[in-house]
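The next block holds one structure in the form of structure tokens; read it before the comments.
Only the coordinates and a few stated rules stand behind these numbers; no lab work does. Owing to the predicted nature of the structure, the values given are computational and were not obtained by experimental measurement. So basically every Cβ, Gly included, is an ideal-geometry build from the backbone, and we count neighbours across all protein chains shown.
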């Protein structure tokens, strides 16, 4: 009799625990659009060198230099007066582009942005970035499972990464 | 800051493809700058931007602190037609969110 009661008690307890964990998960926002935040790769964005950022973002991978990737930085290209807002433009004839990554080598945190593209999305992509000092700027594209990279050197008059 | 200004978006059909241009209104503090009182301004920057076309997610942009203030993006979507709904949603590191929508013209 006593054992039977105990068993029931256990069942009830177990049920209560799993119900409360479920409720916790639900309220913590894991199932809500807030999961946007959870997907931000903080390791990669907080990395202080280009190598670390790429390692965190892509893992170990060979990157081929590719001049077919058109990449413009600054206006006029290769020179920017104000580093706080430097225009960039990425264009390429590659197909099946899955990812585009922009890095500025001498910024305190080199990784600027990482785009995840679906087949419905297409280059050219334009944006504005901050550049701290004269530095190479790198664009990396992942297409058909391969990585392509191109670099431009940009001079800035006023650093813009404070 | 930024509250009085609005996010802007334009989407236009051009040669069969949709061109989307977005200008978000956000200070994008890196956390390294100092204000007039020589105190560090805490980091506040957009981390995640996503774009939907007619409830289909087409692009996601992850940003670091080095994206310029009042971020501007321009990209192309394959195909599309007039009247398509384009929506952008963003989240910053403090959890602030914004949505901006338009129809393709």
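For the pair residue A:155 and residue A:42, label points projected 7 Å from Cα toward Cβ lie 4.0 nm apart. Extending 7 Å from the Cα toward the beta-carbon at both residue A:55 and residue B:57 defines two label points whose distance is 2.9 nm.
Divided by 2.2 N^0.38 Å, where N counts the residues, the Cα radius of gyration of segment A:42-158 comes to 1.00. Plainly put, chain B has a radius of gyration that is 1.05 times its Kirkwood radius, both from alpha-carbon atoms, as the Rg/Rh ratio.
For the pair residue A:146 and residue B:101, label points projected 7 Å from Cα toward Cβ lie 4.2 nm apart.
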